[in-house]
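Novice: Quick one: the structure is below, and I'll ask about it shortly.
The values are calculated or read from the model by the stated rules, or taken from the named source; none is laboratory data. All values derive from a computational prediction rather than experimental measurement. Virtual Cβ from ideal backbone geometry, glycine too; neighbours counted across all protein chains shown. Quick note on the areas: whole protein, heavy atoms, side chains included, nothing else; ligands and nucleic acids left out. Shrake-Rupley method; radii C 1.70, N 1.55, O 1.52, S 1.80 Å.
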Amino acid sequence: MAELQPDGTAGEQKYAAIAAAAAETLVGLDFDGTLSPIVEDPASARIHPDAASALIALAARVKAVAIVTGRPAGQVVELGGLAAIADALAELGKELYVFGQYGNERWSGSDRVVVGPPPPEGLGAFEAALPAVLAAHGAQDAYIEEKGLAVGVHTRRFPDPDALTARLLPPLTELAAEHGLMIEPGKQVIEVRAPGMHKGHAIETLISVVEPGAILFGGDDLGDIEAFEAVKAWGKTTGSPTLLVYSHAGPDRGPLAGLADLEVAGPEGVLGLLRGLATDAAAL
């Protein structure tokens, strides 16, 4: 099964509780690094080829499945082939929810329409000033990802992307603040967006819509911290089962390691865990 982190016994107990409560469980998953391998060019990312079968098998045993991502909702639906997965879930009488841009956008299998706010004030001015700031710090060739409601500055193409990310954080933080925006640092990327929305709010919305009796959430990076914290707080308040899964691929252990109940090896590990959960839930 999964490599347990930090406490194997506690992780196993939480997994067993989720398996026993599978019919009432909400499963929430990040996309990049969790269902899709991290790639140099974000536009070339695709969901893992085994994800559809794993998600469909799992959906038959749980209450609801949701994707909660920093990407635009429409983009992740396309990159993940999620419309076809939503069709398969509908045949099971289940809904697929997609929350994009940290919860600012919402798509579901039942309505197939992306609902979200207009771009934040200040984003256009920030984008106009961005090239000069990047050039001043030797990052004029950074890949700029336009998300509609946000902008991502990717450093993966550089010889030392982590050092460049660290160097860019102060000036981009300052520039974002000048335009009423905030930054969300990630793995070799700095995202700039409006304040006040994060994945924790998306989890709270899902809880109100789905009314689960248990929650499993899997993620891989800084942007998932608020989702982990929201799930943990909900479990503490309600006494309901929760399971936090850290998708870890690479030499460095990230900030989710200390919050997670289980640690798995990237998307392959996530899908293995989900397939195992579907099998274990069916056997109970």
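Novice: List the residue pairs whose Cβ atoms are under 8 Å apart, where the first residue sits in the stretch 110-126 and is over 12 Å from residue 192 (Cβ atoms), the second is surrounded by 11 or more Cβ atoms within 10 Å (Cβ to Cβ) and among the acidic types (Asp, Glu), and the two are 6 or more positions apart or on different chains.
Specialist: Cβ pairs passing all conditions: 110/95; 114/105; 115/105; 116/105.
Novice: State whether one or more residues within the stretch 145-168 are without any contact (Cβ under 8 Å) to a residue 60 or more places away in the chain, of a type in the set (Lys, Arg), in contact with a helix residue (DSSP H, G or I) (Cβ under 9 Å, 6 or more places away or on another chain) and open to solvent by 60 Å² or more (accessible area, probe 1.4 Å). Break it down stepwise before answering.
Specialist: Restricting attention to the stretch 145-168, the residues satisfying the condition of being without any contact (Cβ under 8 Å) to a residue 60 or more places away in the chain are 146, 151, 153, 155, 158-168.
Still in the running and of a type in the set (Lys, Arg): 167.
Applying the additional criterion that residues be in contact with a helix residue (DSSP H, G or I) (Cβ under 9 Å, 6 or more places away or on another chain) yields none.
The answer is no; no qualifying residue exists.
Novice: From the list 233, 249, exactly one residue is part of a loop (DSSP other than H, G, I, E, B), farther than 16 Å from residue 105 by Cα and of a type in the set (A, V, I, L, M). Which is it?
Specialist: 249
Novice: Residue 84 - would you say it is surrounded by fewer than 16 Cβ atoms within 10 Å (Cβ to Cβ), farther than 30 Å from residue 24 by Cα and in contact (Cβ under 8 Å) with a residue 12 or more places away in the chain?
Specialist: no
Novice: Does residue 12 satisfy the condition of being under 19 Å from residue 278 (Cα atoms), open to solvent by 20 Å² or more (accessible area, probe 1.4 Å) and either in contact with a strand residue (DSSP E or B) (Cβ under 8 Å, 6 or more places away or on another chain) or of a type in the set (A, V, I, L, M, F, W, C) (or both)?
Specialist: Yes, satisfied.
Novice: Which of the residues belonging to the stretch 148-185 are basic (Lys, Arg) and assigned to a helix (DSSP H, G or I)? Reasoning before the result, please.
Specialist: Our first condition is that a residue be basic (Lys, Arg); within the stretch 148-185, this holds for 156-157, 167.
Scanning the stretch 148-185 gives a single hit, 167.
Novice: Is at least one residue of the stretch 259-278 in contact with a Phe, Trp or Tyr (Cβ under 6 Å, 6 or more places away or on another chain) and either in a strand (DSSP E or B) or open to solvent by 10 Å² or more (accessible area, probe 1.4 Å) (or both)?
Specialist: Checked against the condition, which is being in contact with a Phe, Trp or Tyr (Cβ under 6 Å, 6 or more places away or on another chain) and either in a strand (DSSP E or B) or open to solvent by 10 Å² or more (accessible area, probe 1.4 Å) (or both), the stretch 259-278 yields at least one hit.
Novice: Out of 109, 103, 116, 122, report the one residue that is buried (at least 21 other Cβ atoms within 10 Å of the Cβ) and among the small types (Gly, Ala, Ser).
Specialist: Being buried (at least 21 other Cβ atoms within 10 Å of the Cβ) and among the small types (Gly, Ala, Ser) holds for just one of 109, 103, 116, 122, which is 103.
Novice: Something else about it: Only one of (1) within 25 Å of residue 230 (Cα to Cα); (2) modelled with pLDDT of 95 or more; (3) among the β-branched types (Val, Ile, Thr) fails for residue 9. Which number is that?
Specialist: (2)
Novice: Could we say that residue 53 is modelled with pLDDT of 95 or more, surrounded by fewer than 23 Cβ atoms within 10 Å (Cβ to Cβ), polar (S, T, N, Q) and farther than 21 Å from residue 200 by Cα here?
Specialist: When the stated conditions are applied, residue 53 passes them.
Novice: A further question follows. So, in the stretch 207-256, exactly how many residues are at positive phi and open to solvent by 50 Å² or more (accessible area, probe 1.4 Å)?
Specialist: Residues of the stretch 207-256 that are at positive phi, as a first pass: 211, 239, 250.
Right, trim to open to solvent by 50 Å² or more (accessible area, probe 1.4 Å) and you get 211, 239.
The number of residues fulfilling the criteria is 2.
Novice: Is it fair to say residue 28 is within 15 Å of residue 76 (Cα to Cα), within 18 Å of the chain's Cα centre (by Cα) and modelled with pLDDT of 95 or more?
Specialist: Numbers: within 15 Å of residue 76 (Cα to Cα): yes; within 18 Å of the chain's Cα centre (by Cα): yes; modelled with pLDDT of 95 or more: yes.
Judged against the criteria, residue 28 is a match.
Novice: Assess whether residue 150 counts as being at pLDDT 95 or above and of a type outside the set (Asp, Glu).
Specialist: Against the criterion (at pLDDT 95 or above and of a type outside the set (Asp, Glu)), residue 150 does not qualify.
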